[in-house]
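Report on the structure given below.
The values are calculated or read from the model by the stated rules, or taken from the named source; none is laboratory data. Just so we're clear, the structure is a prediction, and the values are computed from it rather than from any experiment. Every residue, glycine among them, receives a Cβ derived from its backbone with ideal geometry; neighbour counts consider all protein chains shown. Surface areas here come from the heavy atoms of the whole protein model, side chains and all, with no ligands, DNA or RNA. Shrake-Rupley method; radii C 1.70, N 1.55, O 1.52, S 1.80 Å.
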2 protein chains.
Amino acid sequence: MGLNVAIVGATGAVGAEFLKVLRGSSLPVDSLHLLATSRSAGRTLPFGDEVLEVQEVSPEAVKKADLVFIAANAEASLELCPQVAEAGRVAIDDSSAFRMDPQVPLVVPEINPEDLDGHHGIVSTPNCTTVPLVMALHPLVKVIPVKRVVVDTYQAVSGAGGAAIAELTEQATRVLGSQPIQPRVFAHQIAANVIPAVDAFLENGYSKEEWKMAEESKKILHLPDLDFSATCVRVPVYRGHSVAAHVEFSRPVSVAEARQLLAGMPGVQVVDDPAADRYPMPVDAAGMDEVLVGRIRRDMSHPNGLVFWATADNLRKGAALNSVQIAEEMQRRGLLKNGR
Amino acid sequence: MGLNVAIVGATGAVGAEFLKVLRGSSLPVDSLHLLATSRSAGRTLPFGDEVLEVQEVSPEAVKKADLVFIAANAEASLELCPQVAEAGRVAIDDSSAFRMDPQVPLVVPEINPEDLDGHHGIVSTPNCTTVPLVMALHPLVKVIPVKRVVVDTYQAVSGAGGAAIAELTEQATRVLGSQPIQPRVFAHQIAANVIPAVDAFLENGYSKEEWKMAEESKKILHLPDLDFSATCVRVPVYRGHSVAAHVEFSRPVSVAEARQLLAGMPGVQVVDDPAADRYPMPVDAAGMDEVLVGRIRRDMSHPNGLVFWATADNLRKGAALNSVQIAEEMQRRGLLKNGR
C-alpha cells in the first residue's frame, strides 16, 4: 500500500516544482491532493497523465494525507504542522516556522539523514540559500575541522515566490521602456538593481535571512560552535541562488584535496575550469538537481582558508527536491506509513 | 592661463561621464579635445553650449594637451601615456596598465593625495570596483589597525563599456521574449544571470580583477601587508558597483565608532537604516558622486570583525569623477602647467 500525499501551496512557485519532482520520485504515491488558499481552489494542474483539481486547504483536507508537503508561509505552517503531527502523520515543511525547534529535524538527506530518526511528525527543509552552502561545506568539514565561514549571497527572486517572479518581469519591461517603477513585493526596484536585504532585520544589524543561514547551517552540519557571518542580497535573477564562500579550516587545504572531496559528494557537481569560462551560474543550475561548485581556490588572505562559489536551483534542491528527498529517505528508514 | 585638456576614449561609457564631470569641475579648461578611434572620428558631442567634434586619437593630437585623460584600454594607455609623460605633460589613466608601477601614483584624492607629488607624468585611477571599497575602508583603517579584508562584489555591466550596456539591454529583451541568447561581450548570458568571472584568470584561481582589487587597495591605503581576498562577480545591473566587505581589525570596533568615522569621510555618505529599508543600492548610487555605505554591523563570526556594504557609480567615482578629482588635486598642488 502506498502513501496519500498532499501538497499545501500547490499553485505557488515551489508547488509547481513539487509536481515535477514527485513525477520522478521513487515515493509510492497512492493519491495526491493539491491544496491551496480559497483563491486558487478549483484550478486544475496536470500531474503526468492526470489532471488534478486544487482544493481549498483545511485541517480536514490535510488530515486525509499520510504525508504533507507544506510550501506556503510560516503562518500556515504554524497552524497545519502540529495538526498533522498530532494525527500521527508526517509534515515536511518548507517554511522557517520549525527549523530551529530542537524537536524538529532540519535535514539535507545527503548530509544528516540520521536526524530523521528522532522526528515527531514535523521535519523542516532548510532555507533555499542555506542548501547550496551546506552541500558544498559538508564533504569538506566532515574531514577537516572548520572554524569560520563568511559568505555573501546572490539570491534569485523566485525565492520570494511567484509574485516576485512576475514583479521582475514587469519591472524589466518597464526598465527597457524607461517607465517609472512602483515596487510591490520587494521594498525597492529589483530589475537592474541589487538589494542587500532579504527578510526583516534584527537588532544586531543582520537580516533574519542572514541569521537563518547561520543557525540552519550549524544545525544541519552538527557544528553548534561554528563562527558564521553572511550578507544576503537579492539579485535580478529568476532562478538559482549563488553563494561566495570563504572558509577557514584548522589546517591548510589544497585545491586538489577540496576538489576531490567535493567530487565525491552525492548531489554536488564540480564545475571549475574558469580559464575555459566554466563556473557555476544560475542559468545553468536552473532546472538541475545538483548543487554546482566552482571557483575553488586557496584563500590568499588566510593560511588555512579556502574560497569557493556554489549555485543551486532554489526551487528544486533549495526547496521541493530536498523535501521529496527527505520523504524518500524517511520511506527507506520505515518512518512513513499508510495511515489507513 | 588655463589648461588644454584631451579625453582619449571620449565616445565610450566613461568618456560621456568625463564630459559631464568636467562641466562642473573647477579645472581651468582653455580647450577640450575629444579623441577616439577612427571609427568614432567626426562624431560631435555637446559640451555645455559648445558642440565638439571627435578627432582620431594620434600621438600628435595627444601632445597638444597639457592634461590627457585616458579612458580607452590598456593597449592604448601603454602606447600613449609614456608619450605624454616624455613631452612633460600629464596623463591620468583609467586603465590597469600602470596602476602597479612603483613610479606611478595610484590615487583616490580623498585618501592618498600626497602620492601625487612624486608623479612622473603618469597617474593612475583605480579599478572601478576598488574605489567604493577603499573609500569605505580608509576612514576606518586610518584610525584602527586592520589585518584582513574579505570582499565579494556585485559589478554592473557598464564596467565593461558601452557594448556591454547594449548587450544587457538586448539580452533583457530576448529573455522577456523567451528568445535564444548569443553572448558577445561577456562569455555567458548576463541578463537574468550572475557571472563569477570578471577579466581573465591567474594560475592561483583568482581572476585578474580579484588580484587587481587586492593589490590596488594595498597600494592606495599604504598597507602592503594587508591580507586580502575577493570574489568578483558581474550582475545584471547597468550602473553601480557594490561590495560586501568583511574586515578584521586589531581590536573590536563598535558600529557607533565605525559609523562616526565613515560619516566624517569626504565623499562617503552613510545610508544605514535597514529596518526602514534604507541601504546602498545601485539604482540610488547611479549618477551620484558619493560612495554610499551601509549595513554596518559587528561581524558575528569574529571578535574584531566589522561587516559593511558599499555602492558607488562605477562610471563616476569609479572612473571619470575620480580622474577629474585627481586633476583638480594636482592643480591645487601646482603639478599641472600650461605647456605653451
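Tabulated results
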quantity	calculated
All positions within the range B:300-340 that are more than 25 Å from residue A:231 (Cα to Cα), under 22 Å from the mean Cα position of the chain (by Cα) and of a type outside the set (A, V, I, L, M, F, W, C)	B:316, B:322, B:323, B:325, B:328, B:329, B:331, B:332
Leading residue by the ranking (surrounded by the fewest Cβ atoms within 10 Å (Cβ to Cβ)) among those in the range A:192-211 that are over 20 Å from the mean Cα position of the chain (by Cα) and more than 8 Å from every other protein chain (Cβ to nearest Cβ)	A:203
Hey, residue A:93 open to solvent by 20 Å² or more (accessible area, probe 1.4 Å) and of a type in the set (Asp, Glu) or not	no
Selected residue (criterion: farthest from the other protein chains (Cβ to nearest Cβ)) from residues of the range B:212-235 that are under 30 Å from residue B:172 (Cβ atoms) and open to solvent by less than 10 Å² (accessible area, probe 1.4 Å)	B:213
Criterion: more than 9 Å from chain B (Cβ to nearest Cβ), open to solvent by less than 50 Å² (accessible area, probe 1.4 Å) and not basic (Lys, Arg) - qualifying residue of A:270, A:307	A:270
Number of the condition not met by residue A:187 [criteria: (1) assigned to a loop (DSSP other than H, G, I, E, B); (2) hydrophobic (A, V, I, L, M, F, W, C); (3) open to solvent by less than 20 Å² (accessible area, probe 1.4 Å); (4) at the interface with another protein chain (Cβ under 10 Å from one of its Cβ atoms)]	(3)
Selection within the range A:153-169 - more than 10 Å from every other protein chain (Cβ to nearest Cβ) and either open to solvent by 50 Å² or more (accessible area, probe 1.4 Å) or part of a helix (DSSP H, G or I) (or both)	A:158, A:159, A:160, A:162, A:163, A:164, A:165, A:166, A:167
The range A:103-121 residues that are touching a residue at least 24 places away in the same chain (Cβ under 8 Å) and closer than 18 Å to residue A:267 by Cβ, paired with ones that are surrounded by 19 or more Cβ atoms within 10 Å (Cβ to Cβ) and among the basic types (Lys, Arg) (beta carbon under 9 Å, 6 or more apart)	A:106/A:99; A:106/A:219; A:108/A:317; A:112/A:219
Long-range neighbours under 8 Å by Cβ, at least six apart or interchain, first residue aromatic (Phe, Trp, Tyr) within the range B:19-43, second buried (at least 18 other Cβ atoms within 10 Å of the Cβ)	none
Where residue A:335 falls short, out of the listed (1) buried (at least 20 other Cβ atoms within 10 Å of the Cβ); (2) more than 7 Å from chain B (Cβ to nearest Cβ); (3) at pLDDT 95 or above	(1)
All strands (runs of 3 or more DSSP E) inside the range A:3-62 with 1 or more residues being open to solvent by 50 Å² or more (accessible area, probe 1.4 Å)	A:29-36, A:44-47, A:50-53
Residue B:170 vs. criteria within 29 Å of residue B:11 (Cα to Cα) and among the acidic types (Asp, Glu)	yes
Of the criteria (1) among the polar types (S, T, N, Q); (2) away from chain B (no Cβ under 11 Å); (3) under 26 Å from residue A:100 (Cα atoms), which one residue A:182 fails	(3)
Criterion violated by residue A:113 - all others in (1) surrounded by fewer than 20 Cβ atoms within 10 Å (Cβ to Cβ); (2) modelled with pLDDT of 95 or more; (3) more than 26 Å from residue A:131 (Cβ to Cβ) satisfied	(3)
Matching residues in the range A:279-299 - criterion: being among the acidic types (Asp, Glu) and open to solvent by 20 Å² or more (accessible area, probe 1.4 Å)	A:284, A:289, A:290
Candidates A:261, A:221, filtered to the one that is modelled with pLDDT of 95 or more and under 16 Å from the mean Cα position of the chain (by Cα)	A:221
Residue among B:312, B:244, B:276, B:258 that is without any contact (Cβ under 8 Å) to a residue 12 or more places away in the chain and either closer than 30 Å to residue A:182 by Cβ or open to solvent by less than 20 Å² (accessible area, probe 1.4 Å) (or both)	B:276
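Residue by residue, here is whether (1) at pLDDT below 95; (2) in a loop (DSSP other than H, G, I, E, B); (3) surrounded by 20 or more Cβ atoms within 10 Å (Cβ to Cβ) holds:
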residue	(1), (2), (3)
A:98	no, yes, yes
A:103	no, yes, no
A:108	no, yes, yes
A:131	no, no, yes
A:138	no, no, yes
A:151	no, no, yes
